[in-house]
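Here, each number is a calculation from the coordinates, and none is a lab measurement. All values derive from a computational prediction rather than experimental measurement. For neighbour counting, all protein chains shown are included, and Cβ atoms are generated from backbone atoms with ideal geometry for every residue, glycine included.
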There are 2 protein chains.
Amino acid sequence: MSDFPRWFDWVIEAAEVYDYGRYPVKGMGVWMPYGFQIRRRVLEVIRGLLDSTGHEEVLFPLLIPEHLLRRESEHIRGFEGEVYWVTHGGREELDVKLALRPTSETSITYMETFWIKSYRQLPKKYYQVVSIFRYETKATRPMIRLREVTTFKEAHTVHESFEDAERQVLEAIEVYKAIFDRLLIPYVISKRPEWDKFAGALYTIAFDTVMPDGRALQIGTVHHLGQSFTRAFDFRIQMRDERLDHPWQTSYGVSDRVVASLIAVHGDDRGLVIPPSVAPIQVVIVPITPGDEEKRGRVLSYTARVAERLEKAGFRVHVDDREWERPGAKFYYWEAKGVPLRVEIGLREAEEETLTIARRDTLEKVEAPLGEAEGRIRELMAQVESNLRRRAQSFFKERLLRTDSLEDAGEWVESRRGIAEVPWCGRESCGLEMEERVNGKVLGTPWPEEPVEDGKRCPVCGRPAVAWIRLAKTY
Amino acid sequence: MSDFPRWFDWVIEAAEVYDYGRYPVKGMGVWMPYGFQIRRRVLEVIRGLLDSTGHEEVLFPLLIPEHLLRRESEHIRGFEGEVYWVTHGGREELDVKLALRPTSETSITYMETFWIKSYRQLPKKYYQVVSIFRYETKATRPMIRLREVTTFKEAHTVHESFEDAERQVLEAIEVYKAIFDRLLIPYVISKRPEWDKFAGALYTIAFDTVMPDGRALQIGTVHHLGQSFTRAFDFRIQMRDERLDHPWQTSYGVSDRVVASLIAVHGDDRGLVIPPSVAPIQVVIVPITPGDEEKRGRVLSYTARVAERLEKAGFRVHVDDREWERPGAKFYYWEAKGVPLRVEIGLREAEEETLTIARRDTLEKVEAPLGEAEGRIRELMAQVESNLRRRAQSFFKERLLRTDSLEDAGEWVESRRGIAEVPWCGRESCGLEMEERVNGKVLGTPWPEEPVEDGKRCPVCGRPAVAWIRLAKTY
């Protein structure tokens, strides 16, 4: 994987995940059946965690009228340059221009003014999984920087007080940690600097992972919105003390990038390696059939027995019985698709009633008697899962450098080793100068806040440091 | 339900299903949490039936460039007047206008030219669940005639021959029958007349149900597309006989109207009545707490025991323990939401270890000892299910009239009794004249084809009839 972007383009095509570049609109692609199933299982993890913490799923219109989007002034300033506009319906010009939603704070807050009247209804936690649109001027990349982000999970919450909203930020962070932990995706959590927070937020907490080429990738953000939107929409409710006042909000989102990082973090030169918990197919069975008709029949009927048995045990099983493909080509095909375990069944296995099981992550093969098949497969899947976790974590740990020297940080970032942390005085001007000198981007300061040892100084201005600050090349 | 459209507007608001009319874009509304859960379970039924018949879910971009949409000439003629166009990104005018998809035949066929090369890959059956957009000039209605249809399930299939595609039409019809049967929604199946088929299709088969006010509602359509799109896109594959030729296609869709008809068919003056199989909450438990603290505690702890027991048995249970609401208000609230069974627990029930169970469909109450709770509830849910089916079928049967007289048909349709069938010679001119004289719309001829008795004549021209033809007021 010497050239990660090329590898990524190759793997999503070879594994039939996402067809990008052939669809005739820049920055937009197609989820193919196999990719759709990965996405579906990732969404099941996300939905499960949100539903179990009291989030309610909703679905808002795609189109936001211009006057709504413009209501909160910082917000529209942040998005204005990248909004797609619908101006015509049929042959008529529309009276009001309609934006393809870049995010839904405005339309959701607008409707909340009708739905929420009292503190008794709070906290309210809505979420939706939708397409959002951004007319990106930067280079687009499949699943990573799109003009149509097709898997935007955005949550929007309403609270009685600043503190309640802040507690919600903590809950959101815990939910996101749980999501990435389940998907075995390592991350750091940073408080984004003031100059890079979400347009309209008090502050933004972000999750970043590191791609195989050492660039950081933002994979989730959590915003304390304060009263920015509730004031802009004059959304007031009856408070506990009978006052009418503007409630407090948070919002937080993850996107297609969750799937992108799942692919990037675990994949290898042969293709995808999907963690068993979200693999559309956990066990692929490849019968290796002899030429002799009768022997062929024995292999196929034993294959059917094995498949039935494993399906009954609850595994997601697929039998590749394509007659016109050779076993070697099938192995190659399913390795590219990242199926965690491959079961090979030839005449020997059929006669001895055994299974030959190959692991996708290590490519090791083991044999197991049919009677122990379920147990061995369960065990092997657990081993794959923990090996992927260990591998991802150890790669990630080596991608973090803490140093007092801006030069070392610059070299680290430049040579794509990952994320560098240096002491920082807290001034925006020093942060921006670091970005220039390191030729990278500031990700922010560690969250939760970490004390800085006495004596550490900002390498730009020499003042005492108040925090470590993270820098990296980013996507 | 003397005024059905008003009832429908009321019920989707009262039951918090779909917020329509407050969102500031005409023809677009919001799926609220409760409505979203109904929609989700309906989609589970639809997805389950499609997945188990070899359909593969995909997700295509929303935006279709103008040149793609214009490729098939009849198709664009059919949709041109109602396409929304994106013309600007940020502050720039786009080089190529982008349509919000009105349906996806064009973009899917375009990508199939890359994906499908040989008959060996056939049949291919894709589907997606997406928003589609139509700039409707007719009066919009929540969930029934929208400008953003948020739950468009569209399937697109590819086949080796005309006959294979025709067999797929049959499979699609069977899938749709199974969907509507599970949701207890009655229907007739008609072959739409030539002048009302899908733009680009050889023919269209449609499912219609009847609303409480006697108007027909189209709830599903199946199209044999022939080679219209494969020719327009010069999509050719290697055929079984080695020739390169254009394959054959079908497409079929259902929409938000499935949920709309679920609501309309089963609801009553108190609100929704949701079939237990798709009810987000199957059993709501309302504790009726005495003022006395100790007795209150006994009722609440017994309530918790009952709830746990029913949840463990696999029912979808909700306990309404809101302290500031009176039981009467809660009954009213959950009746409007159509929860199939309500369990009332007061001091008597807590002391005698019983449950009082009220059915939503008949409003009858029965008592059951705690020890038999699961069995009785299962039994009652089955009774609700079969009662709703029976009720819907018997209403529907009375909405169909077969008559030789166009006058009788006209009176039937005019007085909103439902769908009328009259003999027809097969000529478009006679069909159109019938529409005028009956002041209704031709739905088409019965599918599967029915023989017409000798001697029946078209009431317009007097020629021998070749089929019955259906007429109704429609939404």
Per residue of region A:108-119, in order, report the coupling 6.51 cos²θ - 1.76 cosθ + 1.60 (Karplus, θ = phi - 60°) as ³J(HN,Hα) in whole Hz, putting x for Gly and Pro. 6, 4, 4, 6, 4, 4, 8, 8, 10, 10, 9, 4
Tell me the angle of helix A:293-312 to the major Cα principal axis of chain A, expressed in degrees between 0 and 90 and rounded to the nearest ten. 40
Expected vector for region B:376-386, Karplus 3J(HN,Hα) from phi with 6.51, -1.76, 1.60 and θ = phi - 60°, integer Hz, x for Gly and Pro, equals 5, 5, 4, 4, 5, 5, 4, 5, 4, 4, 6
Can you give the translational diffusion coefficient of region A:156-286 in µm²/s, computed by Stokes-Einstein from the Kirkwood radius over Cα pairs at 20 °C and 1.002 mPa s? 127
Long-range HN-HN contacts of A:R402 with modeled amide H, under 5 Å: A:E421
Could you line up A:K473, B:K365 from fewest to most neighbouring Cβ atoms inside 10 Å? B:K365, A:K473
Listed by chain and number, the residues whose amide H is under 5 Å from that of A:K124, excluding neighbours fewer than 5 places away on the same chain and using placed H, are A:V158
Residue farthest toward the positive end of the dipole of region A:316-475, with Cβ of Lys/Arg at +1 and Asp/Glu at -1: which of A:G346, A:G455, A:W334? A:G455
Determine Rg/Rh for region B:400-472; Rg is computed over alpha-carbon atoms and Rh is the Kirkwood hydrodynamic estimate from the same atoms. 0.92
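Using only C-alpha positions, report the orientation-averaged shadow area of the convex hull of region A:4-266, nm², one decimal.
14.7
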With θ taken as phi - 60° and the coefficients 6.51, -1.76 and 1.60, list the Karplus ³J(HN,Hα) couplings across region A:192-206 in order, rounded to whole Hz; mark glycine and proline as x. 5, x, 3, 6, 10, 7, 4, 5, x, 8, 6, 7, 10, 9, 10
Calculated SAXS-style log₁₀ I(q)/I(0) at q = 0.07 Å⁻¹ - the protein assembly as shown, Debye, Cα scatterers: -0.69
Compute the long axis of helix A:327-336 from its Cα atoms, compare it with the longest principal axis of the Cα atoms of chain A, and write down the angle in degrees, 0 to 90, nearest 10. 10
For A:R457, enumerate residues with amide H under 5 Å from its amide H, sequence gap 5+ or separate chain, H modeled in the peptide plane. A:A465
Which order results if B:V222, A:V25 are arranged by neighbouring Cβ count within 10 Å, fewest first? A:V25, B:V222
Would you kindly work out, in nm and rounded to one decimal, the distances from the label point of A:G426 to those of the same position in each other copy, ordered shortest first, with label points 7 Å along Cα-to-Cβ? 8.8
Residue order, fewest to most surrounding Cβ atoms within 10 angstrom, among B:D164, A:D234: A:D234, B:D164
Set B:K26/B:K197; A:K177/A:K397; B:K337/B:K365; B:K124/B:K153, cut-off 22 Å on Cα-Cα distance; pairs above it are B:K26/B:K197
Give the separation of the Cα centroids, region A:77-123 to region A:259-293, in Å. 42
Cβ-defined net charge surrounding B:Q168, 13 Å radius [Lys, Arg +1; Asp, Glu -1]: -3
In range of the label at A:E325: residues from region B:109-125 whose backbone nitrogen is under 18 Å from the point 7 Å along Cα→Cβ: B:115-125
Radius of gyration and Dmax over the Cα atoms of region B:256-407, both given in Å: 18.2, 73
What is the distance in Å between the Cα centroid of region A:355-424 and that of region B:158-183? 46
Could you check the simple spin-label distance between A:E372 and B:R231, using points 7 Å along Cα→Cβ, in nm with one decimal? 6.4
Place a +1 charge on the Cβ of each Lys and Arg in region A:400-472 and a -1 charge on the Cβ of each Asp and Glu, then give the dipole magnitude about the Cα centre in debye, rounded to the nearest 20. 100
Starting from the Cα-Cα distance between B:E242 and B:E449, subtract it from 0.36 nm times their residue separation and give me the gain in nm to one decimal. 70.9 nm
For region A:183-232, what's the relative contact order in percent, using C-alpha pairs closer than 8 Å and at least 6 residues apart? 33
What value does chain A have for Rg/Rh, both radii from Cα atoms and Rh as Kirkwood defines it? 1.03
